[in-house]
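Engineer: Got a structure for you, questions after.
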Amino acid sequence: KDGESAAAGEPSRGAAPSSGVVVQVREKKGPLRAAIPYMPFPVAVICLFLNTFVPGLGTFVSAFTVLCGARTDLPDRHMCCVFWLNIAAALIQILTAIVMVGWIMSIFWGMDMVILASKYS
């Protein structure tokens with residue numbers, strides 16, 4: 001039986017696992033995703049609620065939190081640039097909500113806001 005499993009490519013129970021080690025895993029975000037602000041948790045939940053029922057509205061509200069000092073994953077960009085990136089994301093969500101793509105994107109955007117808020121606090 002041990003010979004059959006070794007021949008089939010399965011590792012035997014006594015064999016050591018491969019010696020590969022993952023040192024660091026980092027998610028690479030595009031500029032729109034990196035522009036999502038780190039907000040207080042209650043504000044993020046309100047934005048998720050707004051995005052669920054009116055696509056893009058919560059993203060539009062979150063753009064103004066950037067002007068109020070909320071930080072993002074784009075530290076090298078100016079505050080106004082990040083604000084306009086969030087406005088662009090809101091417009092994309094509003095314009096594509098007709099074909100449901102924007103609505104789904106809006107809900108996921110709101111969930112990302114809540115996830116970032118929970119990591120921040």
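The values are calculated or read from the model by the stated rules, or taken from the named source; none is laboratory data. Since we're looking at a predicted model, the values are computed, not measured. Here the Cβ positions follow ideal geometry from the backbone for every residue, glycine too, while neighbour counts run over all protein chains shown. Protein only, heavy atoms only, side chains kept; ligands, DNA and RNA dropped before computing areas. Shrake-Rupley method; radii C 1.70, N 1.55, O 1.52, S 1.80 Å.
Engineer: Evaluate the range 39-120: find the radius of gyration of its Cα atoms, find its Kirkwood radius, and give the ratio Rg to Rh.
Structural biologist: Checking Rg against Rh, the ratio lands at 0.96.
Engineer: What whole-number value in Å² describes the accessible area per residue of the range 39-120 for a 1.4 Å probe?
Structural biologist: 56 Å²
Engineer: Got the relative contact order for the range 39-120 handy, in percent, Cα pairs under 8 Å and 6 or more residues apart?
Structural biologist: The normalised contact order for the range 39-120 reaches 44 percent.
Engineer: Got a number for carbon plus sulfur as a percent of the range 39-120's accessible area, 1.4 Å probe?
Structural biologist: 81 percent
Engineer: Pop a pseudo-label 7 angstrom from the Cα along the beta-carbon direction at both Arg77 and Lys29 and give the gap in nm to one decimal.
Structural biologist: A separation of 1.0 nm, rounded to one decimal place.
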